Amino acid sequence: MATHVSVSMLSLLLLLYNPLAASSLSPSAAVDHHNNINNNNNPDDMASSRSAAFALAALGSAQAALAMGFDAGIFERASASCSSPQLSCHNTTAVQNLCCFNSPGGALLQTQFWDTSPQTGPVDSWTIHGLWPDNCDGTYQANCDADRAYTNITQILQAFGQDDLLSYMQTYWPDYQGNDESFWEHEWAKHGTCISTLDPNCYTNYQPTQEVPDFFNKVVTLFKSLPTYQWLSDAGITPSSSKTYTLSQIQTALSKQHGGQVYIGCASGALDEIWYFYNVKGSVQTGTFVPTDIVGSNGKCPSSGIKYLPKTGSSSPTSTAASSTTTISTGTTPTGTGGSLSGTGYINVLTSGTQKGCLISAGTWYTTGTCATYTATPSSNGFTLKSSKGSCGISNGAFTCGSSVSATVFGTDSSGQDVEFNGSPNFYADSVPSGSTQVTVYTSSSHSTLLQLQWQGK
Ligand SMILES: *[C@@H]1O[C@H](CO)[C@@H](O)[C@H](O)[C@H]1NC(C)=O
Ligand SMILES: *[C@@H]1O[C@H](CO)[C@@H](O)[C@H](O)[C@H]1NC(C)=O
């Protein structure tokens, strides 16, 4: 009893002083897979005072439990012990226990790909992109916990005896270039770490990394319940190099099965992504997923003449756990979906998923000045960037633009606008600039502040 209480108190203190608890509570402004950038000047102090209120409320109940002599762990509020949880995005007052209520990412999106070039995954199945926690308004947080950006997803799943899951993932959750491990790492770090109910604080007797098998199992279970290929084919919508379909045919076929309007994505007029939206009653681990309509903007498909191309192109490299481990160590190929950017735009800077300023023309980060206009030009395997100062590149580990800089080829996740270097969306600085200070943006994690660069087209 005594030991148990002191462990609980320790957890409370950790929660109280954990900046990540604050960031997971902060209303986010960030978007990458939606086209609207919502500039929300989010006051961080608001988030931390909420976090403190949460911890104090929990402390109150700890004392109550102690006074009443309860032996039950007050931290048994993960998954299994959520009693009468509320449906995410449907609360009318603040919910304190974010272990039984997903917030701010209360809209959970199971996202799928149809990749024909290179052909990725089975010819008669869509493949998994991920499970994304979006805020209830379509904005979202990303990369919420750098300390849990694990680089050993395969080993973690093996250590938890998840070999069957892993082999299913190798077939249905492949990276289009064969770098499965780094694709899974990216999806976990960028989206999984922002799911509030998967926070280590939500587990009683937390075993390090145990939220990882929970995440990947849930994504796969959801995916299995969303057989897009079958649903389309049941409605007479099958891959063809000549036939085309209307947007409403596709929407009708899928939304009637799912129970909510779906996001339909196209590239060059051909169907390539579907996102299914849910709200959740309880935790992501064991709660009930309730289908819902899309929030945020829909994909860019024409209303008719949509192609659904067969997967008959060149094959992606066959991937095994062993080969993907080899591939990540080289770290030179863009991961994920390899989108490109073009045209003019701004480069916003995000920390913990919240926008704080942008890059100015020299490539440095500024939080109070006017954003520089950058020009993105598609190039082999990605795109190059240029500002009024000249070409932009990674020079001595720093993002720099100038007349003597040689251009670096950057990449992006095709689902959004995150700028990636060598397949990673993570950039770093020594501090968050304030006032008229500018800081340098680096690619090495030896600099303490993790940030993302996000394109906002003009
Ligand atoms: C729902 O709960 C979350 C988490 O406490 C809170 O941030 C949000 O403001 C609440 N929504 C409403 C309408 O009160
Ligand atoms: C995976 O990496 C994490 C942190 O980097 C480490 O704590 C854990 O022990 C590793 N797990 C396995 C199974 O190697």
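For segment 263-272, 3J(HN,Hα) computed residue by residue from phi via the Karplus equation (6.51, -1.76, 1.60; θ = phi - 60°) reads 7, 10, x, 10, 10, 6, x, 10, 4, 9 Hz, glycine and proline entered as x.
Label-to-label distance, V95 versus N298, with points set 7 angstrom from Cα along the beta-carbon direction: 2.8 nm. Neighbour counts of C-beta atoms inside 10 Å place S445, S361, S303 in the sequence S303, S445, S361, starting with the fewest. Here the Karplus relation 6.51 cos²θ - 1.76 cosθ + 1.60, evaluated at θ = phi - 60°, turns the backbone of segment 202-214 into coupling constants of 7, 9, 7, 6, 3, 9, x, 6, 5, 6, 5, x, 4 Hz, with x for every Gly and Pro.
In segment 120-171, the alpha-carbon atoms span a convex hull of 131 Å³ per residue. Across segment 343-457, Cα-Cα pairs farther apart than 21 Å form 26% of the total.
Once you keep just the Cα pairs under 8 angstrom separated by 6 or more residues, what percentage relative contact order results for segment 107-330? Dividing the mean separation by the residue count of segment 107-330 yields 29 percent.
Between K256 and S240, the distance separating the two model label sites (each 7 Å from Cα on the Cα→Cβ line) works out to 1.8 nm. Only alpha carbons enter this Debye calculation for segment 111-231, each as an equal point scatterer, and the log10 of I(q)/I(0) it gives at q = 0.13, 0.23 Å⁻¹ is -0.52, -1.46. Applying the Karplus relation 6.51 cos²θ - 1.76 cosθ + 1.60 with θ = phi - 60° to segment 361-374 yields 3J(HN,Hα) values of 4, 7, x, 8, 9, 9, 9, 10, x, 7, 5, 7, 8, 10 Hz, where x marks Gly and Pro. Cβ crowding within 10 Å ranks V220, V123 as V123, V220, fewest other Cβ atoms first.
Hey, how many Å between the Cα centroid of segment 167-193 and the Cα centroid of segment 397-443? Value for the Cα centre distance between the two parts: 24 Å. Principal axis extents of the Cα atoms in segment 107-330, from largest to smallest and rounded to whole angstrom, are 54, 38, 26. Sticking with the crude label model, points 7 Å out along Cα→Cβ, report the distance from S379 to S406 in nm, one decimal please. Simple spin-label model gives 1.0 nm for this pair.
Here, each number is a calculation from the coordinates, and none is a lab measurement. Just so it is clear, the structure is predicted and the values come from calculations on it, not from any experiment. So basically every Cβ, Gly included, is an ideal-geometry build from the backbone, and we count neighbours across all protein chains shown.
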